[in-house]
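Let me begin by presenting the structure, written as structure tokens, before commenting on it.
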Amino acid sequence: MKKIKINDITIRDIFQNIESGYISEKLLSRTIEHLSKVKFDSLEIFGGSAFEKMLDNNFGKSPFEIVYEIKNKNPGISLQALIGARNLVGMEVYAPAVIKKFICRCAQSGIDRFKVFDALNDRENFKYTISAINETGSHCQGTIIYDDLKEVDYYVDTAENLVKSGCGSIYIKDVESTLLPQKTGELFKALSGSIEAPVYLGGYNLRGLQVSNYYNACLSGCSGVDLSFIPSSYTDLSPAIFALLLSFKDTDVSVDIDYLKVLEIFEWFKQNIYSYLQNDLLYSRFLFSNKNTNLAPKWLLSSINRQLSEIGESNKIDIVLDELFKIKNEIGNPSLATPVGQILGSQAILNTIISDHRWEITNDEIRKLIDGYYGKLPRDVDKDLKEKIFAKNTSFITETNYTDKPIDLVAAASGKDIFSDETESPAALINKDKTFVTGGIDNIEDKTYEQCADELKNLSVKESDILSYLFFPDKTLKFLENGKHASRKVINGSSNILQGQELRFPDMLDLKKAAKFEDIDLKKLREISNLVETSNIDEISLEIDGVKISINKKSGNQKPADKHGPSDAAAAASAQSKATADSKNGVPGELTGIPAESGRNTGPEAITENLLKVKAPIVGTFYRSPSPAAPPFVRAGDKVKKGDTLCIIEAMKLMNKINSEYDGEIAEILVQNEEAVEYDQTIIIIKPLN
């Protein structure tokens, strides 16, 4: 009798579905203790947003340390990680040196299986990562995102290619819940009959078809499935494992686990875990339908629902989802796996809720997706849409990733093997003229890790911390500043992490060349800012009225900011040193934290006959200078002219210059450097010159 293997994804689901404040070290330890009683084939520890959310824990352990502790206490358990082939656990495309360091660190911490996926199923994106995994002696499971428009032969061919590239097993992931039981049986019969490697299946239960699909797959050659004690649908509060076990009765397949222990674990979860689960049930016609239409993944549905609720538009969930799939079809029908799901989801909200008409505001990540940054799209992009998007501006924003110039942007138009030494445009470097610099990907000099290590040296020299910082800088800084991390390197052993020293962020926005915002609809900008604030999107790059804008999260929010501006630590150092300097120079009051005032209108507002309020046009973080080492834009007593920059307000890493609308003299600065400011809060008072 064939034994079906189960990969338990409960740990990953706990971090993704429970607020981090509720996850204690004791709770996590008890969860592992219970799961270890059952002979699961493996436990999946992180994947998707779980790695990032692990950094929010309140018990002082990094994601790598959590993995190590689990493995150390349960050495016989196989631990698994779900990672993007080139984006790993983040949203960006990372260079080979970073990929290799990350995989090695995971393996040293206790991960012995890597489930590797690519949102576009671009085979070329897998090659380096597969090789790096095999070098560690770990198992690589090549993942194929299910596409209901593809024939069975496509999966057989792709699976054979992944096995030849070094994958020890194949995993079919039904991201959009379009896999039906009959098709499942046909697919796994073909796969199991064509390749020698074992084939696994994973999918959500949004339509209640998870067990039916699993059952048919297992009877047709599937070797194992993903299951969790966290409910995977919005209509069911029990795990699918019970129904699956029952469905195998009187068949020639079974599961080698103890039913009584599973029942014991379930009862413990009901009492200790279920009360913490986020209650974000969706009553959408997209879920409750007899049509086999694509569904967004559970995490994306939840994210969109939360974002719409925050801006008071939750009743428009179906409109946004309809737009999501309309965009998906227009740009080549890519899957909604990370990072494509985040990109398309943000654009769907822009098109339906924020903009006056479709594509009025362009998420620049859409351009990068179309232009091949993330790999080759599965189908052609709508010609009219492509012309419309790129007609606005033929250039597009690129990330500097702490290097002197952008790296690792794939020239999809070249259609060449991005990992081949023979290709003329691999992982190309894009310059201002949008031409490509040649040279193999392995020859690209990437200093990202070294620069991050240098910036973090006063906090930690651990490779695990440096890698976390590279993916999620602000979250990692906050994590390291926790006093519980005494084992990490700190200046003089003090919790005062900087003591006057500064961290440099070389990719700080060049404010001398920054676009002006005077003509932009600030109401629309605020709506977009609030959208990103409450979402799981790290960054939205877009264009409004010909002006390019990048909106990123600030420190302390649900998601971290990227690396485009003063970090919390850097700005804190600047604030500390500047406050001392200004005090010595006789400039009191500028950093004294005078209580802010509020009003109804943005922009300068008369408070007396000869004084004007400058108010924050958006929610964000106040910065006095363009970089930690630079002098402030203005001080109390300085004369300013109309158009002069007064400060920056960073709205999730969008560096908004706040310019003076009058000629005058700075009477008072009411907020401290790096202080959070609210929309419409008075930040500066100007005495106008007559």
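A short reminder: the numbers here are calculations on the coordinates, not readings from a lab. Keep in mind that what you see is a predicted model, and the values were worked out from it rather than measured. Don't worry about glycine lacking a Cβ; one is built from the backbone with ideal geometry, like all the others, and counts go over all protein chains shown.
Annotations
- Placed amide H near residue 661: partners under 5 Å, 5+ positions off or other chain: 643
- Dipole magnitude of the stretch 2-276, debye to nearest 20 (Cβ charges: Lys/Arg +1, Asp/Glu -1, about Cα centre): 600 debye
- Greater than 29 Å apart at Cα, pairs in 53/328; 475/657; 127/150; 71/376; 270/462: 71/376; 270/462
- Cut-off under 5 Å, modelled amide H: who pairs with residue 668 long-range: 685
- Using the Karplus relation 6.51 cos²θ - 1.76 cosθ + 1.60 with θ = phi - 60°, the per-residue 3J(HN,Hα) values for the stretch 75-83 come to x, x, 8, 8, 10, 10, 10, 9, 9 Hz, with x marking Gly and Pro.
- Short to long, the 10 Å bins of the Cα pair-distance histogram for the stretch 110-155 hold 25, 47, 23, 5 percent of all pairs.
- For residue 115, distant residues with modelled amide H under 5 Å away: 81, 82, 83, 141
- Label point distance in nm, residue 242-residue 641, each placed 7 Å from Cα along Cα→Cβ: 7.6 nm
- Of the GluC sites (Glu not before Pro) found in the stretch 101-177, the ones in coil according to DSSP and having at most 12 other Cβ atoms within 10 Å of their Cβ are 151.
- 3J(HN,Hα) from dihedral phi, the stretch 663-679, Karplus parametrisation 6.51/-1.76/1.60, rounded to Hz, x for glycine, proline: 7, x, 10, 5, 7, 6, 10, 9, 10, 7, 4, 6, 7, 6, 10, 9, 4
- Tensor-based shape of the stretch 101-197 (alpha-carbon gyration tensor, a/c under 1.5 rounded, otherwise prolate or oblate): prolate
- The peptide list 456-466, 89-99, put in order of mean Cβ contacts within 10 Å with the highest first, becomes 89-99, 456-466.
- Overall form of the stretch 2-276 per C-alpha gyration tensor (a/c, 1.5; a/b vs b/c): oblate
- Potential lengthening between residue 135 and residue 36 on full extension [0.36 nm per residue; Cα-Cα distance subtracted]: 32.8 nm
- Placing dummy labels 7 Å off each Cα toward the beta-carbon, the span from residue 182 to residue 274 is 3.6 nm.
- Lys, Arg +1 and Asp, Glu -1 on Cβ, resulting dipole of the stretch 7-133 about Cα centre, debye, nearest 20: 380 debye
- Karplus (6.51, -1.76, 1.60) ³J(HN,Hα), θ = phi - 60°, over the stretch 356-362, in Hz, Gly and Pro reported as x: 6, 8, 4, 6, 5, 10, 9
- Cα gyration tensor category, rounded, prolate or oblate, for the stretch 15-114 with a/c compared to 1.5: oblate
- With the cut-off at under 19 Å, measuring from each backbone N in the stretch 63-98 to a point 7 Å along the Cα-to-Cβ line of residue 450 picks out 94-98.
- Counting 0.36 nm for each residue step from residue 249 to residue 360 and taking away their Cα separation leaves a gain of 34.3 nm.
- Computed from the Cβ-Cβ distance with R0 of 41 Å, the FRET efficiency linking residue 318 to residue 630 stands at 0.30.
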